[in-house]
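The values are calculated or read from the model by the stated rules, or taken from the named source; none is laboratory data. Remember, it's a predicted structure, so these values are computed and weren't measured experimentally. Here the Cβ is made from the backbone with ideal geometry for all residues, glycine too, and neighbour counts use every protein chain on show. Accessible surface is based on the protein model in full, side chains and every heavy atom, while ligands, DNA and RNA are left aside. Shrake-Rupley method; radii C 1.70, N 1.55, O 1.52, S 1.80 Å.
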Amino acid sequence: MLLHLPEVLSPADLAEVRAALGEAAWVDGRGTAGHLSAPVKHNAQLHWQDPSAVRLGTLVRMRLERNPMFVSAALPAQILPPLFNRYAGGGHYGPHVDGSIRPIDGTDRRLRTDLSLTVLLSDPADYDGGELVIEDLLGGRAVKLPAGDAILYPADTIHEVTPVTRGERLAAFTWIQSLVRDHADRQSLFELDAAIQRLPAGGETDAARLSLTNLYHRLMRRWADV
Ligand code: NI
(Lines give C-alpha, C1' and ligand atoms only; values in the text may rest on other atoms or scores of the structure.)
Protein backbone atom coordinates (compact mmCIF):
# COMPACT_ATOMS: atom_id res chain seq x y z
CA MET A 1 0.00 0.00 0.00
CA LEU A 2 1.22 3.46 -0.91
CA LEU A 3 -0.24 6.03 1.43
CA HIS A 4 -0.18 9.80 1.06
CA LEU A 5 -0.03 11.49 4.47
CA PRO A 6 -1.02 15.15 4.10
CA GLU A 7 0.42 17.93 6.27
CA VAL A 8 2.76 15.89 8.44
CA LEU A 9 4.69 19.13 8.96
CA SER A 10 3.00 22.48 9.52
CA PRO A 11 4.03 25.63 7.59
CA ALA A 12 5.91 26.75 10.74
CA ASP A 13 7.75 23.40 10.93
CA LEU A 14 8.64 23.68 7.25
CA ALA A 15 10.02 27.19 7.68
CA GLU A 16 12.18 26.02 10.58
CA VAL A 17 13.43 22.92 8.77
CA ARG A 18 14.22 24.76 5.53
CA ALA A 19 16.07 27.54 7.35
CA ALA A 20 18.25 25.01 9.16
CA LEU A 21 18.87 22.94 6.02
CA GLY A 22 19.91 26.09 4.17
CA GLU A 23 22.86 26.40 6.56
CA ALA A 24 23.58 22.69 6.84
CA ALA A 25 26.79 20.83 5.94
CA TRP A 26 25.75 18.41 3.19
CA VAL A 27 27.88 15.34 2.51
CA ASP A 28 27.92 12.80 -0.33
CA GLY A 29 24.92 10.48 0.03
CA ARG A 30 26.96 7.48 -1.11
CA GLY A 31 28.41 7.24 2.39
CA THR A 32 25.30 5.40 3.60
CA ALA A 33 24.56 3.31 0.50
CA GLY A 34 25.18 -0.40 0.10
CA HIS A 35 27.48 -1.72 -2.62
CA LEU A 36 24.64 -2.18 -5.13
CA SER A 37 23.08 1.24 -4.43
CA ALA A 38 26.19 3.42 -4.23
CA PRO A 39 26.89 3.52 -7.99
CA VAL A 40 23.34 4.77 -8.75
CA LYS A 41 23.09 7.23 -5.85
CA HIS A 42 23.76 10.89 -6.67
CA ASN A 43 22.54 13.11 -3.89
CA ALA A 44 23.67 14.82 -0.70
CA GLN A 45 22.71 14.02 2.86
CA LEU A 46 23.30 15.26 6.35
CA HIS A 47 25.47 13.03 8.51
CA TRP A 48 23.39 11.36 11.23
CA GLN A 49 25.50 13.11 13.89
CA ASP A 50 25.07 16.56 12.34
CA PRO A 51 23.43 18.66 15.09
CA SER A 52 20.81 20.00 12.66
CA ALA A 53 19.98 16.49 11.49
CA VAL A 54 19.55 15.32 15.08
CA ARG A 55 17.33 18.28 16.03
CA LEU A 56 15.21 18.27 12.88
CA GLY A 57 15.00 14.49 12.84
CA THR A 58 13.56 14.57 16.34
CA LEU A 59 10.98 17.12 15.19
CA VAL A 60 9.93 14.99 12.20
CA ARG A 61 9.73 11.85 14.32
CA MET A 62 7.61 13.65 16.92
CA ARG A 63 5.21 14.84 14.21
CA LEU A 64 4.92 11.29 12.84
CA GLU A 65 4.30 9.78 16.26
CA ARG A 66 1.40 12.20 16.76
CA ASN A 67 -0.07 11.75 13.28
CA PRO A 68 -3.15 9.49 13.61
CA MET A 69 -3.12 8.32 9.99
CA PHE A 70 0.57 7.43 10.16
CA VAL A 71 0.17 5.52 13.43
CA SER A 72 -2.89 3.63 12.17
CA ALA A 73 -1.24 2.70 8.86
CA ALA A 74 2.31 1.99 10.00
CA LEU A 75 1.66 0.57 13.48
CA PRO A 76 5.21 1.58 14.33
CA ALA A 77 7.32 -0.49 16.70
CA GLN A 78 10.45 1.56 15.94
CA ILE A 79 11.08 4.61 13.75
CA LEU A 80 14.65 5.17 12.64
CA PRO A 81 15.78 8.74 13.45
CA PRO A 82 14.84 10.57 10.22
CA LEU A 83 17.66 11.69 7.93
CA PHE A 84 17.71 14.46 5.32
CA ASN A 85 18.69 14.55 1.68
CA ARG A 86 19.04 17.05 -1.12
CA TYR A 87 18.83 16.53 -4.88
CA ALA A 88 19.89 19.31 -7.28
CA GLY A 89 21.77 19.80 -10.55
CA GLY A 90 20.65 16.50 -12.09
CA GLY A 91 20.97 14.65 -8.79
CA HIS A 92 19.04 11.41 -8.73
CA TYR A 93 18.94 7.96 -7.16
CA GLY A 94 18.55 5.21 -9.73
CA PRO A 95 16.48 2.06 -9.20
CA HIS A 96 17.51 0.36 -5.98
CA VAL A 97 16.27 -1.60 -3.00
CA ASP A 98 16.55 -0.57 0.63
CA GLY A 99 18.37 -3.01 2.91
CA SER A 100 16.11 -5.19 5.05
CA ILE A 101 17.96 -4.62 8.31
CA ARG A 102 19.53 -1.30 9.29
CA PRO A 103 21.73 -0.49 12.24
CA ILE A 104 20.35 2.29 14.42
CA ASP A 105 23.28 4.70 14.38
CA GLY A 106 24.74 5.44 17.78
CA THR A 107 23.22 2.33 19.35
CA ASP A 108 23.91 -1.40 19.22
CA ARG A 109 20.34 -2.01 18.02
CA ARG A 110 18.97 -2.81 14.59
CA LEU A 111 15.63 -2.30 12.89
CA ARG A 112 13.80 -4.37 10.28
CA THR A 113 12.72 -2.01 7.52
CA ASP A 114 9.08 -2.89 6.86
CA LEU A 115 8.08 0.57 5.61
CA SER A 116 9.87 3.50 4.00
CA LEU A 117 8.71 7.06 4.47
CA THR A 118 9.68 10.29 2.73
CA VAL A 119 8.54 13.74 3.88
CA LEU A 120 8.82 16.27 1.06
CA LEU A 121 10.23 19.60 2.19
CA SER A 122 10.38 21.58 -1.08
CA ASP A 123 7.45 23.15 -2.88
CA PRO A 124 6.91 21.09 -6.08
CA ALA A 125 6.70 24.33 -8.10
CA ASP A 126 10.31 25.07 -7.11
CA TYR A 127 11.88 22.04 -8.82
CA ASP A 128 11.52 19.90 -11.93
CA GLY A 129 11.93 16.13 -11.83
CA GLY A 130 12.64 14.56 -8.47
CA GLU A 131 9.70 12.17 -8.59
CA LEU A 132 9.83 9.20 -6.29
CA VAL A 133 8.96 6.27 -8.55
CA ILE A 134 7.86 3.11 -6.78
CA GLU A 135 7.63 -0.04 -8.88
CA ASP A 136 4.46 -2.05 -8.77
CA LEU A 137 2.88 -4.63 -11.03
CA LEU A 138 1.62 -1.86 -13.33
CA GLY A 139 5.19 -0.68 -13.91
CA GLY A 140 5.68 2.17 -11.53
CA ARG A 141 3.97 5.05 -9.84
CA ALA A 142 5.55 8.51 -9.76
CA VAL A 143 4.96 10.49 -6.60
CA LYS A 144 5.42 14.23 -6.21
CA LEU A 145 3.75 15.84 -3.21
CA PRO A 146 3.26 19.24 -1.61
CA ALA A 147 5.88 20.36 0.91
CA GLY A 148 5.10 18.98 4.36
CA ASP A 149 3.30 15.89 3.01
CA ALA A 150 4.72 12.38 3.26
CA ILE A 151 4.53 9.13 1.33
CA LEU A 152 4.55 5.82 3.20
CA TYR A 153 5.35 2.74 1.11
CA PRO A 154 6.49 -0.85 1.51
CA ALA A 155 10.26 -0.99 1.96
CA ASP A 156 10.46 -4.18 -0.11
CA THR A 157 9.89 -2.36 -3.41
CA ILE A 158 12.32 -1.29 -6.12
CA HIS A 159 12.21 2.50 -6.24
CA GLU A 160 14.10 5.51 -7.55
CA VAL A 161 14.24 9.31 -7.48
CA THR A 162 14.32 10.81 -10.96
CA PRO A 163 16.87 13.56 -11.82
CA VAL A 164 16.17 17.02 -10.45
CA THR A 165 16.74 19.23 -13.48
CA ARG A 166 15.77 22.60 -11.92
CA GLY A 167 15.86 23.86 -8.36
CA GLU A 168 16.43 21.59 -5.40
CA ARG A 169 14.42 18.84 -3.75
CA LEU A 170 14.83 18.56 -0.01
CA ALA A 171 13.33 15.66 1.91
CA ALA A 172 13.41 13.82 5.19
CA PHE A 173 13.38 10.05 5.04
CA THR A 174 13.19 7.18 7.45
CA TRP A 175 12.28 3.52 7.87
CA ILE A 176 9.80 1.94 10.19
CA GLN A 177 9.71 -1.46 11.82
CA SER A 178 6.04 -2.23 12.21
CA LEU A 179 4.38 -4.19 14.98
CA VAL A 180 2.73 -6.09 12.10
CA ARG A 181 5.30 -7.42 9.65
CA ASP A 182 2.92 -8.62 6.93
CA HIS A 183 1.71 -5.87 4.59
CA ALA A 184 -1.72 -7.42 3.97
CA ASP A 185 -2.36 -7.98 7.69
CA ARG A 186 -1.30 -4.40 8.47
CA GLN A 187 -3.52 -3.03 5.70
CA SER A 188 -6.49 -5.01 7.03
CA LEU A 189 -6.01 -3.42 10.46
CA PHE A 190 -5.73 0.03 8.87
CA GLU A 191 -8.96 -0.45 6.92
CA LEU A 192 -10.78 -1.83 9.95
CA ASP A 193 -9.60 1.08 12.09
CA ALA A 194 -10.71 3.58 9.43
CA ALA A 195 -14.14 1.92 9.22
CA ILE A 196 -14.55 2.04 13.00
CA GLN A 197 -13.61 5.72 13.00
CA ARG A 198 -16.33 6.43 10.44
CA LEU A 199 -19.13 4.94 12.54
CA PRO A 200 -21.44 7.66 13.79
CA ALA A 201 -21.76 7.95 17.57
CA GLY A 202 -24.83 6.86 19.48
CA GLY A 203 -27.50 4.18 19.62
CA GLU A 204 -26.77 0.78 18.17
CA THR A 205 -23.56 1.88 16.49
CA ASP A 206 -21.93 2.15 19.94
CA ALA A 207 -22.38 -1.59 20.43
CA ALA A 208 -21.14 -2.27 16.88
CA ARG A 209 -18.10 -0.08 17.53
CA LEU A 210 -17.28 -2.03 20.67
CA SER A 211 -17.53 -5.37 18.83
CA LEU A 212 -15.42 -4.17 15.92
CA THR A 213 -12.83 -2.68 18.29
CA ASN A 214 -12.65 -6.04 20.06
CA LEU A 215 -12.13 -7.71 16.69
CA TYR A 216 -9.38 -5.18 15.85
CA HIS A 217 -7.50 -6.03 19.02
CA ARG A 218 -8.03 -9.76 18.57
CA LEU A 219 -6.42 -9.55 15.13
CA MET A 220 -3.64 -7.38 16.54
CA ARG A 221 -2.90 -10.06 19.15
CA ARG A 222 -2.63 -12.66 16.39
CA TRP A 223 -0.42 -10.61 14.10
CA ALA A 224 1.71 -8.25 16.19
CA ASP A 225 5.24 -8.96 17.41
CA VAL A 226 6.03 -6.91 20.48
NI1 NI B 1 15.67 3.89 -1.20
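Shape annotation for region 2-144: C-alpha extents along the principal axes are 33, 33, 33 Å, from largest to smallest.
Magnitude of the Cβ-charge dipole of region 1-60, K/R +1 and D/E -1, about the Cα centre, nearest 20 debye?
For region 1-60, the charge dipole is close to 220 debye.
Take the Cα of LEU215, go 7 Å toward its beta carbon, and the backbone nitrogen atoms of region 156-200 under 19 Å from that spot belong to 184-200. Considering every alpha-carbon pair of region 183-223, the percent of pairs per 10 Å bin, from zero through the bin containing the longest distance, is 30, 52, 17, 1. Among LEU3, ALA88, SER72, which residue has its Cα furthest toward the positive end of the charge dipole of the chain, with +1 on Lys/Arg Cβ and -1 on Asp/Glu Cβ? Of the options given, the answer is SER72. Once you divide the Cα radius of gyration of region 94-226 by 2.2 N^0.38 Å, the number left is 1.33.
The mean of 1/r over all pairs of different alpha-carbon atoms in region 1-76, once inverted, gives a Kirkwood hydrodynamic radius of 14.4 Å.
Assuming charge only on the beta carbon of Lys and Arg (+1) and of Asp and Glu (-1), the dipole of region 41-133 about its Cα centre is about 380 debye to the nearest 20.
Nearest 20 debye, what's the magnitude of the dipole of region 3-178 about its Cα centre given +1 on Lys and Arg Cβ and -1 on Asp and Glu Cβ? Mind showing how you got there, number by number?
On the way: 16 positive and 21 negative charges, 61 e Å.
In debye, rounded to 20, region 3-178 gives about 300.
Summing charges over all other residues whose Cβ lies under 13 Å from the Cβ of ILE134, with Lys and Arg as +1 and Asp and Glu as -1, gives -4.
State in Å² the accessible area per residue of region 99-140; use a 1.4 Å probe, count heavy atoms of protein chains only, and round to the nearest integer.
Working: 2160 Å² over 42 residues.
Ligands and nucleic acids excluded, the result is 52 Å² per residue.
What whole number of Å gives the distance from the Cα centroid of region 190-209 to the Cα centroid of region 120-174? Between the Cα centres of region 120-174 and region 190-209 lies a distance of 34 Å. Hydrophobic, long helices, defined as DSSP H runs whose alpha-carbon span along the helix axis is 20 Å or greater and whose mean Kyte-Doolittle value is at least -1.0, occur in the chain at 51-65, 183-198, 204-223. The listed residues VAL226, VAL54 rank as VAL226, VAL54 when sorted by accessible area, largest first, using a 1.4 Å probe. To the nearest 10, the accessible area of GLU191 is 110 Å² with a 1.4 Å probe.
Of the residues VAL226, ALA38, ALA150, the one whose Cα sits farthest towards the positive end of the charge dipole of the chain is VAL226 (charges of +1 on Lys and Arg Cβ, -1 on Asp and Glu Cβ, taken about the Cα centre).
What percentage of the solvent-accessible surface of region 1-99, computed with a 1.4 Å probe over protein heavy atoms, is contributed by carbon and sulfur atoms? Kindly include the intermediate steps, with their values, before the conclusion.
On the way: 2860 of 4880 Å².
With neighbouring chains kept in place, the figure for region 1-99 is 59 percent.
When you restrict to C-alpha pairs under 8 Å that are six or more residues apart and normalise by the size of the chain, the relative contact order lands at 25 percent.
In percent, how large is the relative contact order of region 1-51, given Cα pairs closer than 8 Å and 6 or more residues apart? Display every interim value, and only then the final one.
Values: 27 pairs, mean separation 15.6, N = 51.
Relative contact order, region 1-51: 31 percent.
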